[in-house]
Every structure is written in structure tokens, then in C-alpha cells.
Amino acid sequence: GRLPPEGALDVVERHGYDIAPIDVGGTDGETTLLSYVWPDQGARLDRLRGAIAVAREVPARLERRTAADAVAGLTPADGALTVLWHSIVWQYLGADERRAVREGVSALAGRAGDRSPFAHLTMEPARDWSGSGFRFLVRARRWPGGRLAVLGQCPPHGVPVTWH
């Protein structure tokens, strides 16, 4: 499909949350992340090195938090779109944590308004039915309104994305 429209984005704030965040500002964090990629996956290593370069140039504030605590701490910003993004994380959360994240997303959606919209973007595995193979869907739900859109589909490591 066609790529998403090009255009400038004005990112007001960036935050990263993880139960064990890795700061790539120094060589220790970079080495740790690079060690997670299989050595025969050159394209993946190149993408990661590019992402590390971007993270060093445009850093995000990293915080050690559970997913539920991170979502509970978010508030839709007045005059800006608040975006919650996660990819390939859902399968690592227990049932209670997933429920708490869903409740947090619902609370954010309830506080969203025309001047403070909220979008939940995900790239997570999905099945059409029990026993079928996984598809990795890029999905977006935006409030007010709450309409769900499947933006694309990709392999587990995200490239290439087939945009819908």
C-alpha cells in the first residue's frame, strides 16, 4: 500500500518506560542492545544502529516503570495529540498487567477531547482464529471517537510494513 503522508511533526515531549530501561547514551547501553540482535541479521543491526543514533540526537526521558504504572501516569495534553505506542510487548505482560493497561487506556480515552486528543498505536501479534498463525498488525485507535484502524501489517521485526 501507500506510505503514510509525509509532513513535519512537532513532538512536544518524549518519554520511554520499561521495567529495565536501557540508556543508549553511552557505549554500555549500545553494546547491550546490539548483543540482542543475531549476528547474521545485518539489516536489523543497521536499523538498530540508526535508531541508537536518533536516540542520541533526540533523547527521550527514560523511566523505570511497569506498563500499567506508565499508562496510569499519562494525561492528554491540551493543544497536542498524546500518543501511546507499544510494539511486541503485550505477550510479555501478565493478565493483571494487561487488564490494568486496558483500564488506563480507557481512562485516557475518557479524558480526551477536541483540544486534547489521544491515540493508542500498537504493533502486536494478532490471530484471525484459534490455531491460525500470527499476523503482526499496526493499529491505531484515536479519541475522541475511538475508531480502530488497521494501518498495516508486517513481520515480527517490523520491516517491511505493508501499509493498508
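A few points about this structure:
- Restricting the first member to the stretch 24-41 and to residues that are in contact (Cβ under 8 Å) with a residue 24 or more places away in the chain, and the second to residues that are not aliphatic (A, V, I, L, M), the beta-carbon pairs closer than 6 Å and six or more apart or on different chains are Val24/Glu30.
- Residue-level analysis places Glu13 among those that are surrounded by fewer than 13 Cβ atoms within 10 Å (Cβ to Cβ) and not in a helix (DSSP H, G or I).
- Considering residues of the stretch 136-160 that are among the small types (Gly, Ala, Ser) and assigned to a strand (DSSP E or B) only, the residue farthest from Val89 (Cα to Cα): Ala149
- The single condition from (1) farther than 22 Å from Ala126 by Cβ; (2) more than 18 Å from the chain's Cα centre (by Cα); (3) free of Cβ contacts under 8 Å to residues at least 24 places away in the same chain that Ala95 fails is (1).
Here's the yes/no breakdown for (1) small (Gly, Ala, Ser); (2) closer than 25 Å to Ser106 by Cα; (3) surrounded by 12 or more Cβ atoms within 10 Å (Cβ to Cβ); (4) touching a Cys at 6+ places or on another chain (Cβ under 6 Å):
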{"residue": "Ala126", "(1), (2), (3), (4)": "yes, yes, yes, no"}
{"residue": "Ser132", "(1), (2), (3), (4)": "yes, no, no, no"}
{"residue": "Phe136", "(1), (2), (3), (4)": "no, yes, yes, yes"}
{"residue": "Arg141", "(1), (2), (3), (4)": "no, yes, yes, no"}
{"residue": "Gly145", "(1), (2), (3), (4)": "yes, yes, no, no"}
{"residue": "Val150", "(1), (2), (3), (4)": "no, yes, yes, no"}
{"residue": "Val161", "(1), (2), (3), (4)": "no, no, yes, yes"}
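- Output for the stretch 63-78, where each listed residue is more than 14 Å from Ala107 (Cα to Cα), in contact with a Lys or Arg (Cβ under 9 Å, 6 or more places away or on another chain) and surrounded by 15 or more Cβ atoms within 10 Å (Cβ to Cβ): Ala67
- Residues satisfying the stated conditions in the stretch 40-58, i.e. out of contact with any helix residue (DSSP H, G or I) (no Cβ under 8 Å at 6 or more places or on another chain) and within 30 Å of Gly94 (Cβ to Cβ): Gln41, Arg44, Arg47, Ala51, Ala55
- If you go through the stretch 20-39 and pick out every residue that is surrounded by 11 or more Cβ atoms within 10 Å (Cβ to Cβ) and in contact with a helix residue (DSSP H, G or I) (Cβ under 8 Å, 6 or more places away or on another chain), you end up with 8.
Read the figures in this text as sums done on the coordinates, not as results from a lab. Note that the structure is a prediction, hence the values are computed from the model and not measured. Ideal geometry is used to build each Cβ from the backbone, glycine not excepted, and the neighbour counts take in all protein chains shown.
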